[in-house]
Amino acid sequence: MKKLLVLFAAVFCMAAASDPSERLPDPGQEARARAIFAEVRCLVCQNESIDDSSAELAADLRLLVRDQIRSGKSDDQVRTYLTDRYGEFVLLKPAFSWGNAVLWGAPFVVVILGVLLLLRNLRTPRPYAELSEAEAARLAALADKEQT
């Protein structure tokens, strides 16, 4: 019974997440908008989509997406508009680009290079430099001084 009450509470909370007056009259357009909401990051919360967030900026972004869809823009055009305006960070799953690949791959490359350099330094013995005559004389004097 408790689980059922929790489930109902969750459904009612999700239903209250967006104002019914904001919804698009066309169910197809509203479904498209909801699909885009799930892909767009809330810039305040940063780990939630604008569909899940209750921040004011998320509400503004939902209105913006609905306005774009109402004006006849395609889903790709809406995503492009958002990334042009807010940067690629606004997408929860950014598109593949070489810049993103470098950002994600660079830490792995640095760690691998560090391990390789460490292994190379541990494997190759370092020859000790010979002491100069002045250094040898000073060392001998210090050793004699310690013995006495």
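When the helices (runs of 4 or more DSSP H) confined to region 29-138 are screened for residues that are out of contact with any helix residue (DSSP H, G or I) (no Cβ under 9 Å at 6 or more places or on another chain), loosely packed, with under 10 Cβ neighbours inside 10 Å and not acidic (Asp, Glu), those reaching at least 1 such residues are found at 98-123.
In region 21-42, the residues that are at pLDDT below 85 form Cβ pairs under 6 Å with partners that are assigned to a helix (DSSP H, G or I) and surrounded by fewer than 17 Cβ atoms within 10 Å (Cβ to Cβ), at six or more places apart or across chains, as follows: Arg23/Glu30; Leu24/Glu30.
Being under 21 Å from Glu48 (Cβ atoms) and of a type in the set (Gly, Ala, Ser) is the filter; apply it to region 74-100 and report the residue that is modelled with the lowest pLDDT. Here the answer is Ala95.
The values are calculated or read from the model by the stated rules, or taken from the named source; none is laboratory data. Values in this document were obtained by computation on a predicted structure and should not be read as measured data. When we count neighbours, we look across all protein chains shown, and the Cβ atoms used for this are built from the backbone with ideal geometry, even at glycine.
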